[in-house]
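Just so you know, all these numbers are worked out from the coordinates, no wet-lab data involved. Nothing here was measured: the structure is a model prediction, and the numbers come from that model. Here the Cβ positions follow ideal geometry from the backbone for every residue, glycine too, while neighbour counts run over all protein chains shown.
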Amino acid sequence: TVGAVALDKNGNLAAATSTGGLTNKRYGRVGDSPIIGSGTYANNNTCAVSCTGDGEHFIRSVVAYDISCLIEYKQLTLRDACAFAMQRLQKIDGTGGLIAIDRWGNIQMPYNSEGMYRACAYTSGEIEIKIFE
Amino acid sequence: MNDQFAIAIHGGAGTLHRERFSPDVVQQYEKALRQALQAGLHILQNGGRSLDALETAVRELEECPFFNAGRGAVFNADGGHSLDAAIMDGRTLAAGAVAGISGFKSPIQVARAVMEKTRYVLLSGQGAADFARDQGFEEAAADYFYTDLRYHQWKKKQENELDESADLNFG
């Protein structure tokens, strides 16, 4: 699975995810990536999110929209909303990660698996590229 | 318009089998991530739209054989590739997605066309492929998506009958 989230100079957020799904998947199995609100979500008032990992768990926890709601209805910061959503995922033994960005350009890239291929760049020109911790 | 912009990308998460990652392999993956990031960042730096930056960055990742999307995607039980993708615009809450589409190089391109050219959100299977063909998106034969890494993962999973939860393809 691959994905991206971005904030542009007009203050618009967007999210995108693309995947081959699970090896040896059967019966037309679909994971969270194309499910809006689970693997992919964006709302200018809150954040943009793209997820990767055990798709079934991200669908059941509606992870991407959950983060947006925590910001919108409980005024959590992006960091706290992502942490809360990852805890909930962990509770149902879900593994994986996500990338999220808010309307101020803050970025979070949490994951609870062994690693996650991830990278981000800010207005300042600062760039971060990581696979493991 | 303010001057604030930012972008983040991912190439999947999961059991990455750290022992596979020699410094040279790490460098290859980091180079691929940097290339996709820079492609999207360039659009933002020049005042472009976040949707365009995302589509560009994700298409770079779909074309890279390292990641489970587009070229280099995992094999399904039939030995083929069925791909999913979604894109969402935070300004309008418009969204487009495809599920179980085969034979098209860039599922994210098709998902964006679903968002911008139909009243639907999610198209699946043969219907999604028919729509992509109607829109003239680039098709590819099965060998375009093939990589040894995924093929051997698929064979291993078939032979070992690992259950679906065995995480051999990092998301």
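Hey, could you grab the Kirkwood Rh for segment A:1-71? Inverse mean 1/r over distinct alpha carbon pairs, Å, one decimal. If you can, show how the numbers build up before the last one.
Working: mean 1/r = 0.0809 Å⁻¹.
About 12.4 Å for segment A:1-71.
All other residues with a Cβ under 9 Å from the Cβ of residue B:108 taken together, and with Lys, Arg as +1 and Asp, Glu as -1, what is their net charge? List each step's numbers first, then the result.
On the way: positive: B:59, B:112; negative: B:55, B:62.
Neighbourhood net charge equals 0.
From Cα pairs below 8 angstrom and at least 6 apart in sequence, can you work out the relative contact order of segment B:62-106, rounded to a whole percent?
Values: 62 pairs, mean separation 14.7, N = 45.
Reported as a whole number, the value is 33 percent.
Just give me a number: lysine pairs in the protein assembly as shown, eight or more positions apart or cross-chain, with C-alpha atoms less than 26 Å apart.
Lysine pairs, 8 or more places apart or on different chains, close enough: 15.
How many nm is it between the label spots at residue A:123 and residue B:2, if each spot is 7 Å from the Cα in line with the beta carbon?
Between residue A:123 and residue B:2, the label points sit 0.6 nm apart.
With a cap of 12 neighbouring Cβ atoms within 10 Å, and only residues DSSP puts in a loop, list the trypsin sites (Lys or Arg not before Pro) found in segment A:26-133. Before the final figure, lay out each step's value.
Details: sites: A:26, A:29, A:60, A:74, A:79, A:88, A:91, A:103, A:118, A:130; in loops: A:26, A:29, A:103.
Passing both the DSSP loop test and the Cβ count: A:26.
Percent of alpha carbon pairs in the protein assembly as shown separated by more than 33 Å? Display every interim value, and only then the final one.
Values: 6395 of 46056 pairs.
Beyond 33 Å sits 14 percent of the P(r) for the protein assembly as shown.
Restricting the calculation to Cα positions, tell me the Rg (one decimal) and the Dmax (whole number) of segment A:79-133 in Å.
Expressed in Å, the Cα Rg and Dmax of segment A:79-133 come to 12.2, 38.
What angle do you read, to the nearest 10 degrees and between 0 and 90, between the alpha-carbon axis of helix A:78-91 and the longest principal axis of chain A?
Helix A:78-91 sits at roughly 10 degrees to that axis.
When only C-alpha pairs under 8 Å and at least 6 residues apart count, what is the relative contact order of chain A, in percent? Let's see the in-between values first.
Values: 274 pairs, mean separation 26.8, N = 133.
In percent, rounded to a whole number, it is 20.
As an exercise, take the mean of 1/r over every pair of distinct alpha carbons in segment B:1-89, invert it, and state the Kirkwood radius in angstroms. If you can, show how the numbers build up before the last one.
Numbers: mean 1/r = 0.0684 Å⁻¹.
For segment B:1-89, the Kirkwood estimate is 14.6 Å.
Please list the equivalent ellipsoid semi-axes of segment B:6-163, computed as the square roots of five times the alpha-carbon gyration tensor eigenvalues, in descending order and whole angstrom. Each step should come with its number before you reach the end.
Values: eigenvalues 142, 100, 31 Å².
So the three semi-axes of segment B:6-163 are 27, 22, 12 Å.
Provide a whole-number value for the mean count of partner chain Cβ atoms within 10 Å of the Cβ atoms in peptide B:107-118.
Values: counts 6, 6, 1, 1, 6, 1, 0, 1, 0, 0, 0, 0.
Partner-chain Cβ atoms within 10 Å, mean over residues of B:107-118: 2.
Calculate I(q)/I(0) for chain A by the Debye formula, one identical point scatterer on each C-alpha and no solvent, and give its log10 at q = 0.12 Å⁻¹ to two decimals.
The calculated log intensity ratios at q = 0.12 Å⁻¹ are -0.41.
Search the structure for amide H atoms under 5 Å from the amide H of residue B:100, placed 1.01 Å from N in the peptide plane, and list their residues when 5 or more places away or on another chain.
B:83, B:84, B:125
Find the relative contact order for segment B:1-66 and round it to a whole percent, using C-alpha pairs within less than 8 Å whose residues are 6+ positions apart.
Working: 44 pairs, mean separation 23.2, N = 66.
Here the relative contact order equals 35 percent.
How large is ³J(HN,Hα) for each residue in segment B:25-35, as worked out from phi by the Karplus curve 6.51 cos²θ - 1.76 cosθ + 1.60 (θ = phi - 60°), to whole Hz, x for Gly and Pro?
Calculated HN-Hα couplings, in order: 5, 4, 4, 4, 5, 5, 5, 5, 5, 4, 4 Hz.
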